[in-house]
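First up is the structure itself, then whatever we jot down about it.
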Amino acid sequence: MHVPDQASMIIDVRDQLPRHKRFFTTSTTLLLWGCWLLLWQPVMNQLGLLDTQSDRLVDKVLHAFFSIIEHGFIAILVCAVMLWLWSHFIPANTVKHATVKRLAEYAQEFAVTESEIQQARQQKVVTVHHDDSGKIIRIESQDQV
């Protein structure tokens, strides 16, 4: 992990972005670089004058370049579709936090007094007695030193 320099003016929070935003920014950057390289096409065509002596070298280079751009664009589109499908059709496992209950709610639920619950919380050893259906019928606190 990169430790940022305190004097640096560059703010790099890429690691804090969600995966889909990182993918989008990387894909957009790649697309913009590809467009910038396409702007050099006239220069590359002018270099084609050298093509007669170099056995169609420039055509081969341009053909390879454009096929790489084409396959890369197709790969980006396939990845984007796969990520979209993944995010919409595969359920996320989220942690559901339980709501904090008040002491009175616990006392009412388990049919014990609030003082019994408070005393049990302060003890190191507590025995909880249940009936046959699993309902708490008594809380026994044991004082240990």
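Tabulated data
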{"quantity": "Most mobile listed residue (12, 59, 132) in the chain, GNM with C-alpha springs under 10 Å", "calculated": "132"}
{"quantity": "For the chain, alpha-carbon Rg relative to the globular expectation (2.2 N^0.38 Å, N residues)", "calculated": "2.31"}
{"quantity": "Lys, Arg +1 and Asp, Glu -1 on Cβ, resulting dipole of the chain about Cα centre, debye, nearest 20", "calculated": "160 debye"}
{"quantity": "Stretch gain in nm, segment residue 74-residue 138, where the contour uses 0.36 nm per residue and the Cα spacing is subtracted", "calculated": "16.3 nm"}
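Bear in mind these aren't lab numbers, they're just calculated from the coordinates by the rules spelled out. What you see is a predicted model, and the numbers here were worked out from it, not measured in a lab. Here the Cβ is made from the backbone with ideal geometry for all residues, glycine too, and neighbour counts use every protein chain on show.
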